[in-house]
Structures are given as structure tokens and as C-alpha cells.
Amino acid sequence: MSHRSRGRRKAGSRSTRTALAALLVGGTLGLTPLGTAYAKDNTPAAPAGSEEHALETAQRTGEPVEVTSARSETSELYAQPNGTLKLTQHTLPVRVKREGKWTPVDTTLAPAGDRIAPKAAAGNVTFSAGGEAPLVVLKDQGRELSLSWPEPLPEPVLDGSKATYPEVFPGVDLSVAASVDGFSQVLTVKTPQAAENPELAAIDFGLRADGLELKKDPESGSLTAVNPAGQTVFATSTARMWDSSTIPMPPSGVPASRSSAAPADGSSADLGAGAKVSEVDVAVTDTKLQLVPDQALLDSPSTTYPVYIDPYFTGQRQAWTIAYKPYPTQSYWNGTNWGGGTTSEARVGYESSTGGTARSFFRIDSTALAGVKVIDAQFQITETHSWSCTAKPVELYLTGSISSSTTWNNQPAWSTRQDSRNYAHGNESYGCPDKAVDFTATDAAVKAAANKWSNITFGLRAPQTAEDNKDTYSWKKFKPDAKLIVEFERKPNPPWSLDTIPSTKTASNDCGNGSTYVTVGNTDVTLKAQVWDPDGGDVNVQFHLWATGKHDVSPGIIFDVKKKVRVLASDPKGATASVVVPKTLLDQHKGASGGQFSWKAQAEDPLDASFASDWTPTTGASGCRFGFDPAGPTVMPTVSSTDYPENTEGALARTPGNFTLGSGGVADVTKYKYSLDRTPPITEAKPTSAGGGVTVSVTPLTPGPHTLYVQSFDAAGNPGLIYPYRFYVKSLGIADKPGDVNGDGMPDFFAVTGGNNLLLYGGTGNGAVATNVVLSSNGSWDGALLTHRGDWTEDGYEDLVVRKSDGKLYYYPNDGIGQFTEDTKQEVIIFPDAEDNLLDPATIKQIISVGDLTPDTEGYTPDFVAVVGDQLWFLPGYTGGTVETGYPIGNGGWGVMTLASPGDVDGDGFTDIIARNTSTGDLWIYHGRSRGDADGDGVPDGGTDPAAFGDPANRTAYATGWTTTARPLITASGDSNADGVPDLWSTTANTTAGLEFVPGRATGLVGTPSVVGTGGWQAMKAIS
């Protein structure tokens, strides 16, 4: 798109999401923002905070504008005046969401209930307030790691992020300090006399690892706490101890040369220049973490006290480390165990005081770049120290991945050098103060976007020659909170609503790419496709047409035309691109495939044709199809309406509109058929005389796009061509409900037939369902796992997510009227975790969408719960039809469970799930719970804790006897009987009463079932 970013729109909060009006029988679903204002041309204004609003404001003001709906713990997104987007992705969390509001990270400790906790940290860590409670408790993924001191602790002394427990042994203090995502721990042995205490020979901490296994790296001695899937939840660096020895430093202010300065203070002599350092042996059992200090260091007469002993734990939200040559097997994960504690500075180059060479690595999330077009990327980091003010080179590399086991001897591959820059900052006394410095990183960002990497690891180092020559001036320090700043734009979305004039659709969701097709007479054929980009701007729509079956052989593509259209970011109905295929061209090639022609459409950037959407129908699929017969009918009826003018927005939803149908000049037309959003049309209307017109009344019940299909018939009953009259309806501002697919305000469900086709059953209230809508006829849905409870494409419609028999996960965008086609399906991108573990969707046995459980951004991203093997997993959703690999939340016994996603059953404000044990027939509610109250003020932080679903302590009985024989299939889509409690549907073994509606209850067991479907349900293979 020219001068625009494109594609996936970050939705605003739920109150500003696009809303759906109600859909009743015969109506369709459209799109306009809830409670939105309208511009003079009746296009809806973009909601504040949305990407489209930010782009409009940036272009109008000439200043960058933040897309606040995209803000996260580690990133900000800004719309640029030129129409692109600029992402700033931080290495470390810079903010956290508490009680629905963003709060800057603040690790200052304060009382939180009966414990001590940081005011606003990304990780969940608490410390003892004194007494017998555990010294430290770390929580994540519903799992818990705690360490306890063997004796009751004194009340701590708080100082910023540090809590000190004095005199835990005589002359020994115990300190813990909160970090962004973990904690450090230091035993301070203050005197030689204190060191003689025999209890320091082996220090035993009580250990409790709930759902975690601790593993020790044999080389570095670092520990990892892994979940049952082997994923790291917490990690340590190498446990170390050191004394307080130092070496003399050059006097402050004495320059090392005329053009350089010596270090302004002793802090540049790192890792305690002159300090005696030793590793601490660590042993782990199921109940104990034992530290064994080096007694030789404690007993040495040259040891300078105090002596520090320092293990450390951290989570996975931050990841940077130092590789240090003097200690080649030691880990400094997230800066721990460096120079008397946890360092807040990364190191690069050679330092003469200790004779040490350092390199540093930084892992940065790159999921937001998947599939984008990178224009420019910069790696930015603040230099806080240089040995002199003479600029010396620093090199930035794309490297392999890092972990708590990364050491000098175990460095990742230095893959590709990105940039080399000469810098000298951080020596303020000599005129070169701290400063943010930039490195070009476009190559790494382009690779991450193309390969859909979940993260990028960068390495900073001095040039090899500087390291080899021990060049002191190469020594530099940097703050570890590096940033990746990327300017980009997105691909356009694939076109949708493909049709022709005359209409050649065989059904509402079939453009002729199925088993049947429509034949037109000797007439030009107009190809049409709808396109919309939430970011607005120009889009080229390319149309290809070929004789069916001859795409890659003679005569090949016979019609290749591009049509440029402009779409408005604030107008979600998009724009129609259309081109006319001359009948002479069709006649010329009608013999190639018996008069059959196929076609597709694709959207692309007018300035870069390679930057394009997928084709519709998708690449590899057969195209839309029609037949051409010069002897066939050529005339279409005419349609007009003053209430709902063609191709423009008319009256409000639920407003009756008059449509005048005309014969198109055919004198013997005696009957018309018409239908709203359904084809072929079925409702009859007859003129008072042959060849005359007739006015009919149609009430579109929902906002957005609609098509009135009209066909005429002559006196002999011969059908004419179908005219697709497209118009748009304004919104009433009524929000959709979870589980409602077709927009009528009632929960719906899908079904897979015995013939492996997909049906939609629209709910009509009190558990009743309407006649099914056939969504497929190709028998491709065998073994499909279905779920729907969320808007993945962020257009306001509830989408369908499916794991199909090929083992892949797909999402099917809702077209606004409850139609889902193979033409617009997209494979779901699953991002690997930080350690490159990737969930194989073929291993999923059950999957349900549960809405946005973890609102860690301003946008709405539906999450998923799945049965993988015998475990229950949580799969966090990400924008634009992607998910993260996630992690297990239920350890075992889930392979026999059938899942359903009802929403909030018990009315406590948290999402619940339903699980049926197929072995016993027991039905359970797994109740959601708060994600926590980090500040201890009694107000939950927001969202539902996914781990609650895997905890048997959170479940209550909901029904018994629900065996797969008695009730083969179950689902729970929402509240059908309007009592405020989600309900269920179940198939039964009764051949004359095969579908039952089961009222939900907020407490106790389910209500009394009632029959809502008769025969044929036993053949169904799935409902959702």
C-alpha cells in the first residue's frame, strides 16, 4: 500500500471494539464501531487509541502518534506521518498492567498483605515479612517455587528493592532484592569470626517446587526450574562468592592520554578488581537447596571481609547476559553474580584492571514483526561508560539463542554482523556523558519478519583485533534495556466477497469453486472483490482469469488486470474493486475448457508488487468459476432503492427498505425471485403485468454489507441471470455477544456431519435452533476440532478456529453474515517459546477459545486452552491470527476430557470452562480465578488466571451420567435462555430426540434438559 501500513488492526479495549448489531432470520451481519460518531460522509470515525485513528491523526498533525491499543509490557507502536508504523521493542519490561491500568515498573518493596512485594514488577515474587513463612516465593504459569530459611526470620529492613534480614547467623545478614522478573539473594558474612560458624559449611534452604523440576547445568552450575513439558520457567546464573578486596585505581582526573581519560571512578574496574572470587557448589533435592561455600576463601588470611554469597532466580520475561573470559564457565544470566551483586550494566571489550574480555547478548521479542515489510530497523542501547572519550568501534551481531547456560565457553553462534560503530560515551568528567547509541539492525529484522521468529538475539562485542590486542580503549558498558526500533508496513488482507455481475455464486459462500457453477450468456462479465485495510491508503487489486484447468498450460492466464482503489482506515466496509472481462475475450477462449473460466484476486502494494496478500481463493486452491455460453441468457433484472442506495450506506439496521425490481427490458418477465444475502434467491414477487416492475420490502437487521440477489423468470419459467445488488446499513450500536456467530444476539454452534461437511445452527432462543446453514459440501471436515469464542481478525465478528485432519491449525474469518469459506481461511502461525520449543498442532486433541484471559495489552487477543497428549495447555493469543506455543496448566489425566467454553458460569467475573470425563461420564466446571493482587490492596489485577483450569481444587460437579454413549457430543456457546447463565447443547442416543438443550446453573448441577432436535443427530461427528 502506498505510504501506508497495512493489515492487522490492533483492536481497542472492549468498550471501543467494533460492535455487531442483532441478526434475525433473513438478516446479515455488518460492522461499525459501537457508539461511534460519523463523519459528514457517514463513514464511522475510528476509535481513539486504534491504529487507524493514530494514522489519521499522525497524517493530519505531521507528528507521530502512539497506537495505545498496541501498548504492552515491552513495546510501544507509533503511527508515522508518512503512513508507516514504528515499533519500539524493549529487552526488559518497562511497564506492567495493574487493575486495568499501565504502571511503570517499580521494584521498590512494600507490604502486600502478609508479605513483602515489589510495587510493580513483571514477575510474581514476594518475600517474607518475618517469621516462619517462606523467604521467597516465585510464581508463574500456575507453578510455584519457594525457598525457606531454616529458622524463623527477623523482620526485614527495607531499602528500595532490597530487604535485609539482619543476623540470621551471628555476623551474617541475609538480603533479597527484587528485579523486574525475579530476585537476587546475598548472604553477607561480615567478619572472619562470623565465617567460623559451622552452619556456613553447608547452607540449607527449604525448597518447594510445585509442578516444577530443578535441573543443574553440568558446566556452569546454573539451575533451571522446568515444567512438565521441559520448558524453563525460572533460571539461575552460576552461584558465586567473592570478598571485598580491591586494587588501587588511577587517581580520579588523571588522563590516560591527551585525548582520553582514565575512568572517572573505581566502578570501571569490574567484578571487584582484585576481589577473590570462587564458585559456590549447589546441590538440589526435592526438598532442599544446599549452598556449599568455598571454605578456603572464607579461611584465607588474605580474604577481605565482608564476603558475599549470591545465588539468583529469574523468570523468562527478560533475557540478557554477559560472557566473561576470565571465568569461562560461569553464567551471568540477567547480570547476576557480578561485582558484588546484580549488575545493571552490560560489558563489551577488554578491561585492563582485571585482564578480562567481555561480550554481551540481548534477546528481544520479534513476534510483532511476523510477515511485515521492514523498512528500517535500529538497535538502540545507552552507553554508560567508555575507557576514554576517544571513539572506538563496537560491533553488533545477529547471534544464536541464549540461556542461563550461556558462558564464555558456551556462546551462541555469531551469525551475521549487522553494524560497526565508533562510540565513546559515559565518561562525563571528560566531556562524553551517557548517551543512547544506534546500530543498524535491518538485516536481522527482515529475517525475523520473513521467518516469523518469536525473538531475535543480538550480540555486542569489540572487534576481534581489539580483543586479541587487549585494547583497553575497547572497554565499554551499556544499560541492558536495549531497544529494537523498527519502521514497517503490513501486507494487505486477502480480498473477500468475490462475485461477478451477473452473479455466478452458487451459494452465499461458494463462488463456483465447488462442484457446480453458473453459466452466463453472451455478455461482458464484471469481476468484483472487496478490499479493506484498517490503515487506509491505496491498494492494487490484481485479477487473474484463465480457462479452467489451463492456468499453467496454454493458453494460461488470459486476463491479468490491476485495479487501484483507495480505502479509508475509518471505513471498515472497505472498497469494491471491479474489472470488466469483455465477452469477446471469453468467446475467443471458450473452446479451451468447454466454456469454463476460473479467476482469483490478490491485493498488493502499488509501489511493491511483491508485497502482496495471499490470493483469494488461496494459493493452490481452485479459483472461482463460471461458464460462458453465447446462446445463454444475457439480461439481468434491475434493482433500485432510495432507502438503501447501491454501493453506499443507507438507513439504520432494522429499517424496512423498498427495493424496486425491473425486467431489464425483457417483455415477458412474469416473476421475480429475491433473497437477502442468500443465493440462489427463493422469495417470489410477481408484477401486475408481464415485463413490469415490482416493489418489495426488505428489512436488513444488522449493520454493514448486504447483498440482495434478484432473478427474473419469463412466462415459460426460464430463469434469467442473477443481479447482486450490494448496499450497506448503518449500525444501531448493539454489541455482539460471545458465542454469537451470525449476529442475532443468540449463541450458535457448528456441526460436522457424517459426510464430513460443516453446518451452522443459529440459536433462536431458549435452546431452539434454526434450520442449518450448509457451509461446505466437499467433505473435508473429518476429524476437525472446532472452536469459536473471539474475534481473531479484529473486524468485530466472531471467527472460527479449526484444527483439521492435516494436523494444521486454521482460522476462518467470519464474513459478517455467519459464512465461512475455504477461500479466506488462513493457517495460524504458532510462535515458538524463548527456547525455540514449538507446539505441533497435530498433537492437539481438544481446543477451545476462551476469550482474552490475560489482558496484558490494550488490544483484544483471544486465548486458547487445548488438550495436548495427556496435558492441558494454555495457548496465549497474539494479534492477527497467531498464537504462542504456550505452556501446560494441567499435568495429566486430560486425554479423556471433552472441553467446552461457556464463559462465566458462576457470575464471579472470571471465565470458566466445562470438562466432561469420557471415562466416567462426570461433567465438571473448572472455575476461573483472579490472576492475583500484586499490591495487596484487595483489588484484583485483572483477567483470569489460566492455571485455574488445570487445578482440580477449582472444579465442582456439574452433572453425572454424561457418558459418550448417552451424550455423544456436547458444547456450550453462551446464554440461550436469557437468564444470565451460559447453557449447553448435547446430542443424545435417542433417534427421535437427538438434540437436547441443557440450561446452565450458576451453582449446583445443570438444569433439566429439553428436546430441541429430533432425528439425524447421531450421525454428527462434532459440535462446537
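The values are calculated or read from the model by the stated rules, or taken from the named source; none is laboratory data. All values reported here derive from a predicted model rather than from experimental measurement. Cβ placement follows ideal geometry from the backbone for every residue including glycine, while neighbour counts extend to all protein chains displayed. Accessible surface areas use protein heavy atoms only, side chains included; no ligands, DNA or RNA. Shrake-Rupley method; radii C 1.70, N 1.55, O 1.52, S 1.80 Å.
Some notes on this structure:
- Residue in region 861-880 that is assigned to a strand (DSSP E or B), hydrophobic (A, V, I, L, M, F, W, C) and surrounded by fewer than 24 Cβ atoms within 10 Å (Cβ to Cβ) present: yes
- The residue of region 799-834 that is surrounded by the fewest Cβ atoms within 10 Å (Cβ to Cβ), among those that are part of a strand (DSSP E or B) and of a type in the set (D, E, K, R), is 827.
- Region 304-333 - residue that is among the β-branched types (Val, Ile, Thr) and surrounded by fewer than 19 Cβ atoms within 10 Å (Cβ to Cβ) and, of those, nearest to residue 240 (Cα to Cα): 329
- For residue 369, the conditions (1) closer than 30 Å to residue 297 by Cβ; (2) buried (at least 23 other Cβ atoms within 10 Å of the Cβ) all hold with the exception of (1).
- Selection within region 582-606 - assigned to a loop (DSSP other than H, G, I, E, B) and within 30 Å of residue 537 (Cα to Cα): 582, 606
- When we screen 411, 418 for residues that are in a loop (DSSP other than H, G, I, E, B) and within 35 Å of the chain's Cα centre (by Cα), the only hit is 411.
- Strands (runs of 3 or more DSSP E) fully within region 145-262 that include at least 1 residues being crowded, with 21+ Cβ neighbours inside 10 Å and at pLDDT 85 or above: 162-169, 172-178, 182-189, 203-210, 223-226, 232-235, 240-242.
- Qualifying position, being open to solvent by less than 10 Å² (accessible area, probe 1.4 Å), under 29 Å from residue 711 (Cα atoms) and either touching a strand residue (DSSP E or B) at 6+ places or on another chain (Cβ under 9 Å) or in contact (Cβ under 8 Å) with a residue 60 or more places away in the chain (or both), among 526, 500: 500
- Region 948-968, subset in contact with a helix residue (DSSP H, G or I) (Cβ under 9 Å, 6 or more places away or on another chain) and in contact (Cβ under 8 Å) with a residue 60 or more places away in the chain, residue farthest from residue 851 (Cα to Cα): 950
- Conditions (1) out of contact with any helix residue (DSSP H, G or I) (no Cβ under 7 Å at 6 or more places or on another chain); (2) part of a loop (DSSP other than H, G, I, E, B); (3) not acidic (Asp, Glu): number failed by residue 465: (2)
- Residue check for residue 429: hydroxyl-bearing (Ser, Thr, Tyr), open to solvent by 40 Å² or more (accessible area, probe 1.4 Å) and in contact with a Lys or Arg (Cβ under 9 Å, 6 or more places away or on another chain): no
- Of the numbered criteria (1) closer than 30 Å to residue 231 by Cα; (2) open to solvent by less than 40 Å² (accessible area, probe 1.4 Å); (3) hydrophobic (A, V, I, L, M, F, W, C), the one residue 413 fails is (2).
- Scope region 341-355; condition in contact with a Gly (Cβ under 8 Å, 6 or more places away or on another chain) and aliphatic (A, V, I, L, M); matching residues: 346
- Residue 837 vs. criteria open to solvent by 40 Å² or more (accessible area, probe 1.4 Å), modelled with pLDDT of 80 or more and assigned to a loop (DSSP other than H, G, I, E, B): yes
- Enumeration of residues in region 67-87 that are surrounded by fewer than 17 Cβ atoms within 10 Å (Cβ to Cβ) and either touching a Pro at 6+ places or on another chain (Cβ under 8 Å) or under 27 Å from residue 935 (Cβ atoms) (or both): 81
- Among residues of region 737-778 being open to solvent by 40 Å² or more (accessible area, probe 1.4 Å), of a type outside the set (A, V, I, L, M) and touching a Gly at 6+ places or on another chain (Cβ under 7 Å), the one that is modelled with the lowest pLDDT is 737.
- The single condition from (1) open to solvent by 30 Å² or more (accessible area, probe 1.4 Å); (2) in a strand (DSSP E or B); (3) in contact with an Asp or Glu (Cβ under 7 Å, 6 or more places away or on another chain) that residue 902 fails is (1).
- Subset tally (residues that are small (Gly, Ala, Ser) and within 30 Å of residue 364 (Cβ to Cβ)) for region 794-841: 1
- Qualifying residue in region 884-893 (condition: closer than 27 Å to residue 369 by Cβ, touching a Ser or Thr at 6+ places or on another chain (Cβ under 9 Å), open to solvent by less than 10 Å² (accessible area, probe 1.4 Å) and not basic (Lys, Arg)): yes
- Options 368, 391: the member that is more than 17 Å from residue 322 (Cβ to Cβ), hydrophobic (A, V, I, L, M, F, W, C) and touching a residue at least 60 places away in the same chain (Cβ under 8 Å): 368
- The one condition in (1) modelled with pLDDT under 90; (2) open to solvent by 10 Å² or more (accessible area, probe 1.4 Å); (3) among the small types (Gly, Ala, Ser) that residue 591 fails to fulfil: (1)
- Applying the criterion of at least 1 residues that are buried (at least 17 other Cβ atoms within 10 Å of the Cβ) and over 29 Å from the mean Cα position of the chain (by Cα) to the strands (runs of 3 or more DSSP E) found wholly in region 920-996 leaves 923-926, 955-959, 983-987.
- Candidate set from region 451-462 (those that are touching a residue at least 24 places away in the same chain (Cβ under 8 Å) and not in a strand (DSSP E or B)); member that is nearest to the chain's Cα centre (by Cα): 454
- Residues in region 650-705 that are β-branched (Val, Ile, Thr) and either open to solvent by 40 Å² or more (accessible area, probe 1.4 Å) or on the phi > 0 side of the Ramachandran plot (or both): 9 in all.
- Count - residues of region 455-497 that are within 30 Å of residue 607 (Cα to Cα), aromatic (Phe, Trp, Tyr) and open to solvent by less than 10 Å² (accessible area, probe 1.4 Å): 1
- Test result for residue 384, closer than 30 Å to residue 142 by Cβ and either in a strand (DSSP E or B) or open to solvent by 10 Å² or more (accessible area, probe 1.4 Å) (or both): no
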